[in-house]
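Here's the structure, in C-alpha cells; my notes come after.
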Amino acid sequence: MDKDFEQKILKQFKAKHKHDDFFRRSISKKSVAIDFLNTHLTKEESRLFELETLKLEQLKYDQLNIGKHECDALLSFKHVNDQSKTGYVLLEHQSKNDPLMPLRMLTYMVQLSNSYSKIAKTAKIPVILPIVVYCGKYSCSIPDNLAAITDVSANEDLPLKLKYKLVNIAKTAVDENASIIEKIMYTRFAKDPLAYLQSIKTMLKMLARENSDYILEIFVYIINAVKLDDPESIRAFFEEITTKKIKVKFMTVAQVLINRGREEGIQAGMLKGIKTGREEGALKNAYLIAKNMIDRGFAFSDISELTGLSEKQVELIANNIK
C-alpha cells in the first residue's frame, strides 16, 4: 500500500476528535459537500451560487478561531450572476452541546467578513451561510439563533437576529432524502450498526465505485468511532462491498488497523504495569522509611510529611510494629 495513504489512514485512526475529523474529511470531498448542501439549502439560497465552483478553503492558523475553537470547514463559491464575487458556507461540527454556539458562529462570521473586506479592498461583506451539524450522544440543546441567548425577557424586536441552520444528525439522517455524510455518521446511533449499514448498502457500494479512498475512510471511521460488539462482521461487510480494484488495499488497511490496535493495547498494558510497579515500589519504600522513623520516635506528623503517607497510615504501621 502507498506509504502516504497508509500514514493518512493512521492519522485518521489516531485522531483525538474522531467525529470532527471524519466530518472534515467528508466535507472536503466536492461531491459529498454538494450532496450535503443540496439537502439543506433552500431554493433561494441555492440560486445564489454555482455549486460546481464550490471549493474547500485552507484556513490559516489565525483565521476563524476563538481560543481553543477553530472553524471546522469553510467552503467558498462564486455567485451565479457575478463570478468575480465570492460567498461562503461556514460549517461547524459539534459532538457536544454548546449553549454559546450562536456567539461562536457570529464571531466566525465577523472574522471572515473582516478578512474578506481587507483582501477584496471593499466596504462590502460577503454572503455567508452558517450551518452547525450536531452528532452528539446526548439530545441536542444547542440554540440556533442569537436572540435565544440574549439577556432580555422580550427579544422579538432585537436588531441582532442571527439564525443558522442546525442539522441534528440523530433526527435528519432517518429521512430517506438525508445526505451521504448524515447517513454514514448516523451509524453511531444505530442499535445494530451492521443491520443499519446493510440498509444503506446500495449507497455505500456506489461510493466504493466512485471514490475508493473515501470508502476506506468510512470503514476506518466506523471501526474507530462507533461502539461495535462485533468489529469482524463490519470488516467482512466492507470487504464484500469493495470493488476488486481496491480489495487488496482494503485488506491491507484492515490489517494495519488490527496491528496498530494490538500495538496500542500492548503499550497500554506495559505502561499500566510500569505505573503499578512504580506505585507499589514507592509505597514499599515509604513503609520502610516510616517504620524506621517510628522506631526512632519521630512524630506521626513529621513521618507523614516526609513519606507522603497519611497520619492514619503511619498510625496503622506503628500498631503493626507493636
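Throughout, read-outs are computed from the coordinates displayed, never taken from laboratory work. Owing to the predicted nature of the structure, the values given are computational and were not obtained by experimental measurement. Here the Cβ is made from the backbone with ideal geometry for all residues, glycine too, and neighbour counts use every protein chain on show.
Using θ = phi - 60° and the Karplus form 6.51 cos²θ - 1.76 cosθ + 1.60, what ³J(HN,Hα) does each residue of region 46-54 get, whole Hz, x for Gly and Pro?
For region 46-54, the Karplus curve yields 5, 6, 5, 9, 8, 4, 5, 8, 4 Hz.
Return the FRET efficiency for the residue pair A236, S115: r is the Cβ-Cβ distance, R0 is 41 Å, and the value is rounded to the nearest 0.05. Intermediate values should be presented prior to the final figure.
Values: r = 48 Å, r/R0 = 1.17.
With R0 = 41 Å, the Cβ-Cβ based efficiency is 0.30.
Residues with beta-carbon under 11 Å from that of S304, excluding S304: net charge, scoring Lys, Arg +1 and Asp, Glu -1?
Working: positive: K312; negative: D302, E305, E311, E315.
It works out to a net charge of -3.
Mind sorting H40, H19 by how few other Cβ atoms lie within 10 Å of their own Cβ, fewest first?
H40, H19
In whole Hz, with x marking every Gly and Pro, tabulate ³J(HN,Hα) for region 82-90 from phi via Karplus 6.51 cos²θ - 1.76 cosθ + 1.60, θ = phi - 60°.
Per-residue couplings from phi come out as 8, 5, 7, 9, 10, x, 9, 10, 9 Hz.
Arrange I218, I246 by Cβ neighbour counts within 10 Å, fewest through most, would you?
Neighbour counts put them in this order, fewest first: I246, I218.
For a paramagnetic label modelled at 7 Å from the Cα of V127 toward its Cβ, which residues of region 97-115 fall within the zone defined by backbone nitrogen distances under 19 Å?
109-110, 112-114
Tally Lys and Arg at +1 and Asp and Glu at -1 over the other residues with C-beta under 15 Å from the C-beta of I218: what net charge comes out? If you can, show how the numbers build up before the last one.
On the way: positive: K8, K18, R24, R25, K29, K183, R188, K201, K205, R209, R235, K249; negative: D21, D35, E182, E210, D213, E217, E239, E240.
Result for the local shell: +4.
Check F298: other-chain or 5+ apart residues with amide H under 5 Å from its amide H, H built from backbone geometry?
Close amide H contacts, sequence-distant or interchain: none at all.
Return V253, V80, V32 ranked ascending by Cβ neighbour count within 10 Å, so the fewest neighbours appear first.
Least crowded to most crowded, the residues run V80, V32, V253.
Which part of region 122-149 falls in the paramagnetic zone of K163, meaning amide N under 20 Å from the point 7 Å along Cα-to-beta-carbon?
Answer for this model: 127-134, 140-149.
What does the charge add up to near K29, with Lys and Arg as +1, Asp and Glu as -1, over the other residues with Cβ less than 11 Å from its Cβ?
-1
Say the cut-off is 29 Å between C-alpha atoms; which of K16/K121; K29/K96; K227/K249; K11/K55; K163/K191 go over it?
K16/K121; K163/K191
Would you mind calculating the gained length between N319 and A147 on full extension (0.36 nm times residue separation, minus the Cα-Cα distance), in nm to one decimal?
55.3 nm
Work out how much length D175 to I34 would gain on full extension: take 0.36 nm times their residue separation and subtract the Cα-Cα distance, in nm to one decimal.
Details: separation 141, 0.36 × 141 = 50.76 nm, distance 1.77 nm.
Separation in residues times 0.36 nm, less the Cα-Cα distance, equals 49.0 nm.
Quick one: which residues, 5+ away or cross-chain, put their amide H under 5 Å from the amide H of V133? H built at 1.01 Å from N.
E92, H93, Q94, V167
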